[in-house]
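This report refers to the structure that appears directly beneath it.
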Amino acid sequence: MSIARESLRIHGLSCRFGAVTAVDEIDLDVPAGQMLAVIGRSGAGKSTLLRMINRLQEPSTGSIAYGPTDVTALRGRALRDWRRDCAMIFQQFNLIGRADVLTNVLIGRLNHRPWLPSLLGLFTEAERAMAVQALDRFGLLDIALQRADTLSGGQQQRVALCRALLQEPRMLLADEPIASLDPHNARLVMDALRQINREDGLTILANLHHLDTARAYCDRVVALDRGRIVFDDIPDRLTPDVIMAIYNITEQEFHAADTPVAEPMRQIQ
Amino acid sequence: MIRAGSIGPAEITAARKRLPTAFAATSWVWSGIGGMAFLAWLILLAVWFDITPTRLAGGLKGLLVILAQMFPPSPGAQWADILHGLLQSVAMAFLGTVIAAIIALPLGFFGARNIVLNAAAHFSVRRFYDGFRGIDQLIWALAFVRAFGLGPLAGLMAIIAAEVFVLAKLLAEAVENTNKAPSEAITAAGGSRLLAIRFGVVPQILPIYLAQILYAFESNTRSATILGVVGAGGIGLQIAERIKVRYWDEVCFIIILILITVALIDRCSATIRSRCA
């Protein structure tokens, strides 16, 4: 039942794209079981940071360690195993639209099994039972045989979460998990993430746009600005004054810069 | 928490009870029978065509002899004839494609479900295109050689006749796949149906149609090389004559010239397409 969960230690991590430095010398320790929000405006380096942790993006310099494992040195099989261990969910869900929900969820098992049966699309009864359990947990059983592209955004993200859970991950990376969802579905997905964090003890790193979401759901908030960490504390300390001091704008403006707001703009340039 | 280790027979039974369809097994018997039948059919065809290893080996040997005779490629004595034929092929393909594209433009719209709203009309128009598309370019060429006499005019007509219905079908599908939101906005702004098509549909299909025309030009250049074999003008006549007298080195030279020409057209069309995307 218990898989050893370790802490994630990031040291001096940078990522440069040509002349642009997306992530700049970041140091970050995430203890096992923490639910951490990474906030920042568009282009602050949130996605790059998360994508470096599972090595979808190669770091330019610096190191990432998970317990005794040097993540930045992993190659081949070991790298694929690490990616299985730190499951990721995406802003656009990244499901296979033409495949049914069950198949999408079973994708989470691919790293646990030999490749030939997978290539032929053969999954065992035990794996199917796992998928059914996961779908049942988030109230998705009724749509298990529907094609993924027929689902609403909120359903798709929860299916993506089931896929992530079938990886039996040791931590979860959530890259803007609710940025494409309406408020109701956003809450369903965030509730599910917190449930996984509390019940399964899974470490979660979530990139979030909205500060209120970060405050409501997370144990700790890290704020990025131009690739650097400018705030790292419990959510209660993330007051409007702090936002003003860090970003030099009000919290309202912080949100308005990235998300459409249904109110008239105060000034038009 | 979901763990593979915690899944036993009891859990599988419970899950199966929750959602039986998730465990629907593919029928191995039927896939097996289907696979065997397919294999039997392939073997039957091979027997029918008398495909035997001996015949294959004999043919392969003949092919190697031809290949050996192709090198080194040589232009032979009639450089001018070859160049003239090649230019004629390209010109036939170009002119034929342009004329076909112009004729296909209205036909494409008439074939689109969202333009011709009557289902019966749409269906019959599309089947009409399908019917004519079934006639190969070479058949058209044979017919036109009889009607117009030997020479590039027959070939040109063959290219047009064969290409019009292909382009009309592709255009009709492109029109059907357009996003209807822009034309809805034009209708909402008080525009007529014609204007809704002009501003709501045409800008969406223009780059697609252009790409299709460019591809048709390239493909017609390739197929126009064969039209000369039946006397419909172009480089094909030069090839056919040289094959008759087994001047394989000159045939090879002409093939290389055709490849270079097609590659050049492909490169140009890629440039144009990337600028118009």
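The values are calculated or read from the model by the stated rules, or taken from the named source; none is laboratory data. Please read these numbers as outputs of a predicted model, since none were measured by experiment. Neighbour counts run over all protein chains shown; Cβ positions are idealised from the backbone, glycine included. Heads up: the accessible areas ignore ligands, DNA and RNA and are worked out on the full protein's heavy atoms, side chains in. Shrake-Rupley method; radii C 1.70, N 1.55, O 1.52, S 1.80 Å.
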Starting from the range A:84-109, take each residue that is more than 16 Å from A:THR124 (Cα to Cα) and list its partners that are modelled with pLDDT under 90 and of a type in the set (A, V, I, L, M), counting only C-beta distances under 6 angstrom and pairs at least six apart or across chains. A:GLN91/A:ALA179
Out of the range A:71-89, which residues are under 20 Å from A:ALA179 (Cβ atoms) and either out of contact with any Pro (no Cβ under 8 Å at 6 or more places or on another chain) or part of a helix (DSSP H, G or I) (or both)? A:MET88
If you take just the helices (runs of 4 or more DSSP H) that sit entirely in the range A:204-259, which of them hold at least 2 residues that are free of Cβ contacts under 8 Å to residues at least 12 places away in the same chain and open to solvent by 50 Å² or more (accessible area, probe 1.4 Å)? A:240-247, A:251-256
Out of all the residues in the range B:86-101, which are of a type in the set (A, V, I, L, M, F, W, C) and either buried (at least 19 other Cβ atoms within 10 Å of the Cβ) or under 19 Å from the mean Cα position of the chain (by Cα) (or both)? B:LEU86, B:VAL90, B:MET92, B:ALA93, B:PHE94, B:LEU95, B:VAL98, B:ILE99, B:ALA100, B:ALA101
Which numbered condition A:LEU106 fails, given (1) at pLDDT below 90; (2) within 14 Å of another protein chain (Cβ to nearest Cβ): (1)
Just give me the residues in the range B:64-80 being under 19 Å from B:LEU259 (Cβ atoms), open to solvent by 70 Å² or more (accessible area, probe 1.4 Å) and of a type in the set (S, T, N, Q), in sequence order. B:GLN69
Condition first: among the polar types (S, T, N, Q), closer than 28 Å to A:ILE243 by Cβ, away from chain B (no Cβ under 12 Å) and touching a strand residue (DSSP E or B) at 6+ places or on another chain (Cβ under 7 Å). Can you find one or more residues in the range A:165-185 that meet it? no
Among the residues of the range B:113-134, write down those that are under 18 Å from the mean Cα position of the chain (by Cα) and surrounded by 14 or more Cβ atoms within 10 Å (Cβ to Cβ). B:ARG126, B:TYR129, B:PHE132, B:ARG133
Could you grab me the full set of residues in the range A:1-42 that are more than 14 Å from every other protein chain (Cβ to nearest Cβ), assigned to a loop (DSSP other than H, G, I, E, B) and free of Cβ contacts under 8 Å to residues at least 12 places away in the same chain? A:GLY18, A:ALA19
Residues in the range A:89-100: is at least one among the basic types (Lys, Arg) and within 14 Å of another protein chain (Cβ to nearest Cβ)? no
Only residues that are hydrophobic (A, V, I, L, M, F, W, C), open to solvent by 60 Å² or more (accessible area, probe 1.4 Å) and in a helix (DSSP H, G or I): list them for the range B:201-254, please. B:LEU206, B:ILE208, B:ILE226, B:VAL229, B:LEU237, B:ILE243
Filtering the range B:157-180 down to residues that are buried (at least 21 other Cβ atoms within 10 Å of the Cβ) and either among the acidic types (Asp, Glu) or not in a helix (DSSP H, G or I) (or both) yields B:GLU163
Of (1) closer than 30 Å to B:LEU153 by Cβ; (2) touching a residue at least 24 places away in the same chain (Cβ under 8 Å), B:ASP249 satisfies all except one. Which? (1)
Restrict the check to the range A:53-60 and report whether at least one residue is free of Cβ contacts under 8 Å to residues at least 24 places away in the same chain and part of a helix (DSSP H, G or I). no
Among what's in the range B:128-156 and is in a helix (DSSP H, G or I) and free of Cβ contacts under 8 Å to residues at least 24 places away in the same chain, pick the residue that is nearest to B:LEU107 (Cα to Cα). B:PHE128
Enumeration of residues in the range A:80-94 that are open to solvent by 10 Å² or more (accessible area, probe 1.4 Å) and within 30 Å of A:PHE254 (Cα to Cα): A:MET88, A:PHE90, A:GLN91, A:GLN92, A:PHE93, A:ASN94
Quick check on this structure: which one of B:LEU83, B:LEU60 is over 25 Å from B:GLN238 (Cβ atoms), out of contact with any helix residue (DSSP H, G or I) (no Cβ under 7 Å at 6 or more places or on another chain) and surrounded by fewer than 16 Cβ atoms within 10 Å (Cβ to Cβ)? B:LEU60
Please work out which residue is farthest from the other protein chains (Cβ to nearest Cβ), limiting yourself to the range A:121-151 and to residues that are open to solvent by less than 50 Å² (accessible area, probe 1.4 Å) and in a loop (DSSP other than H, G, I, E, B). A:LEU151
Kindly indicate which of A:ARG77, A:ARG113, A:ARG170 is open to solvent by 40 Å² or more (accessible area, probe 1.4 Å) and at pLDDT below 90. A:ARG77
